[in-house]
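Working notes, beginning with the structure itself.
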Amino acid sequence: MNADKLLQLSKQHMWLPFTQMTDYENDPLIIESGDGVRVKDIEGKEYLDGYSSLWLNVHGHCKKEINDAVKQQLDKIAHSTLLGAANVPSVLLAKKLVDIAPEGLTRVFYSDSGATSVEISIKMAYQYWQNIGQSNKRKFVTLSNGYHGDTVGTMSVGSIDIYHRVYTSLLFDAIVVPFPHVYRHPSGDERVVCEESLHELEELFKERHQEIAGMTVESIMQGAGGMNVMPKGYLKGLEQLCRKYNILFIVDEVATGFGRTGKMFAVEHENVKPDMMTLAKGITGGYLPVAATLTSEEIYQAFYADYHEGKTFYHGHSYTGNQLGCAAALANLDLFEKENLIQQAEEKSAWLTEQLKEIAALEHVVDVRQMGLMCGIELVEDKKTKKSFRKEERVGYKATLKMRELGMLTRPLGDVVVFMPPLAATYDELAEMLLILKKGMEEVTALAVTD
Ligand SMILES: *Cc1c(COP(=O)(O)O)cnc(C)c1O
């Protein structure tokens, strides 16, 4: 089918996620193929994948080893259910995940997206306390600006006004505590912010721990909430408080897992051992929808009983533990070892920190937040007063459209431009991306109407 016809059909019949369709109609895009860090649209134009196809891709597109693994698996079987039966690649992957995960996480419950992996953690934590006879522990504590997915449960433990406002009355009540923003704090001092925030949280725990089931947080860096980095020691502090007050510590590594922040999992930056850890995005190298909720043996044991005790975890999805996805995940993890990708990510991270200094110096860039190959660049009208651009200007959105014109894809979070290249991007490719990033932001901010 020719490109014009496809574009027309996409406008007629598609409804895209997180997309105002009038925007899509003005600037439609249909991707046809990908190779390495580049994708190509149906008109043959190439783009650098500056957001890893929404934070997923690790080794680039069409990576031979993953392609081969999926093809081999396809010739055996594409899918069989995990309800009451395991399958070969899901068992092998569970073992592999437990091997690389923080100590203490020994059980793997599969699903198919980041949201489902967090939804499962909520239901498990909730039922855990009932199964052990402490059914008064029902509440969840979360951080402001948190994002854990778009299902009703995960929105309830999330806290991003623009996404969640409409659904408020549909959601269950979580206790939201403020995210410890360093750059917006009057002291601007990481240690002060960390200590103050942990102190406030301890006051809350002291008073209400008997009704709190768990605390759900993104690991080290919040993603969709604007790429916010926790002050050093904060995640560790949360872990210690949760332990002290008998609250399950649930860490969402959906975005940060699999090398994204320069470690296999971001919890490793502070040697944190959560009770549950949720994984998705990079787990298959960005190939197929697989997710996992890892838990401690203690949690598992609370569900392990004679059938008649009614402690079964009644949850699952049709494609839970899909063989093709698990085969892709296994090939993905083999490549991490074979290509020494974590060390590569660490080195590229340090290099990127240097390169980003030039971007931080731009007239309208107020803050650059980076952990590994996960970065957010915040644009403002006035750098000194931190005054934002007028909302109607949509500066972040326009900057990414400009970048697309210049040959790189990414998406903004408001006026925070996201830069999340595939971990395997070479230094040359990264440099090419940074040039476009800079040019896109410069051109658009120079044209923005100010008041
Ligand atoms: C993307 C994301 C999710 C949701 O994952 P989906 O696969 O899109 O459902 C959950 N938590 C975090 C931290 C994420 O970044």
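Using equal-weight Cα scatterers in the Debye expression, the normalised intensity of the stretch 236-342 in log10 at q = 0.14, 0.19 Å⁻¹ is -0.70, -1.08. A convex hull fitted around the alpha carbon atoms of the chain yields 156 Å³ per residue.
Between VAL141 and ILE175, GLY214, MET215, THR216, the built amide H atoms are under 5 Å apart, and every one of these is 5 or more places off in sequence or on another chain.
Model label points for TYR304 and ARG390, set 7 angstrom from Cα along the Cα-to-Cβ axis, are 6.3 nm apart.
Legend: distances between Cα atoms for LYS232/LYS384; LYS232/LYS281; LYS391/LYS438; LYS95/LYS338; LYS139/LYS232; LYS206/LYS383; pairs beyond 30 Å are LYS206/LYS383.
Pairs of alpha carbons in the stretch 359-442 separated by more than 17 Å make up 43% of all such pairs.
Distance between the modelled labels on ALA350 and THR22, one decimal in nanometres: 5.0 nm (7 Å Cα→Cβ projection). Using θ = phi - 60° in the Karplus curve 6.51 cos²θ - 1.76 cosθ + 1.60, the 3J(HN,Hα) couplings for the stretch 397-405 round to 4, 5, 4, 6, 5, 4, 4, 4, 4 Hz; x is entered for Gly and Pro.
Amide H contacts of SER296 (H built 1.01 Å from N, in plane; Pro and chain starts excluded): THR106 sit under 5 Å, all sequence-distant by 5 or more or on other chains.
Based on protein heavy atoms only, the chain ends up with 46 Å² per residue of surface accessible to a 1.4 Å probe.
I'd like the chymotrypsin sites (Phe, Trp or Tyr not before Pro) in the stretch 1-84 restricted to DSSP loop residues with at most 14 other Cβ atoms within 10 Å, sorted by number.
Answer by residue number: TRP15, PHE18.
Restricting to the stretch 67-338, what percent of DSSP beta bridges are antiparallel, rounded to 5? Please list the in-between numbers first.
Working: 12 of 27 bridges.
Once the DSSP bridges in the stretch 67-338 are tallied, antiparallel ones form about 45 percent.
Across the accessible surface of the chain, with the other protein chains kept in place and a 1.4 Å probe, carbon and sulfur atoms take up 52 percent.
Give the Kirkwood hydrodynamic radius (Å, one decimal) of the stretch 408-451, defined as one over the mean of 1/r across all pairs of different Cα atoms.
So the Kirkwood estimate lands at 11.8 Å.
Using just its DSSP H runs of length 4 or more, each adding -39500 (n - 2.57), the chain gives a mean residue ellipticity at 222 nm of -12000 deg cm²/dmol after division by all residues. Measuring r between the beta carbons of TYR314 and LEU435 and using R0 = 51 Å, the FRET efficiency lands at 0.45.
Based on the mean of other beta carbon atoms within 10 Å per residue, what is the order of 416-422, 6-12, most packed first?
416-422, 6-12
Each Cα pair under 8 Å and six or more residues apart adds its separation to the average, and for the stretch 67-338 the resulting relative contact order is 29 percent.
Quote the charge dipole size of the chain about the Cα centre in Debye, to the nearest 20; the model charges only the Cβ of Lys and Arg (+1) and of Asp and Glu (-1).
It works out to roughly 500 debye.
With a simple spin-label model that places each label point 7 Å from the Cα along the Cα-to-Cβ direction, the separation between HIS79 and ASP4 comes to 3.8 nm. Mean silhouette area of the stretch 1-109, derived from the convex hull of its C-alpha atoms and averaged over all directions, reads 10.5 nm².
Computed with the Debye formula from one identical point scatterer per Cα of the stretch 202-267, without solvent, the log10 of I(q)/I(0) at q = 0.27 Å⁻¹ comes to -1.16.
The values are calculated or read from the model by the stated rules, or taken from the named source; none is laboratory data. Everything quoted here is computed from the prediction, not taken from an experiment. So basically every Cβ, Gly included, is an ideal-geometry build from the backbone, and we count neighbours across all protein chains shown. When the accessible area is computed, the model is the full protein with side chains, heavy atoms only, and any ligands, DNA or RNA have been set aside. Shrake-Rupley method; radii C 1.70, N 1.55, O 1.52, S 1.80 Å.
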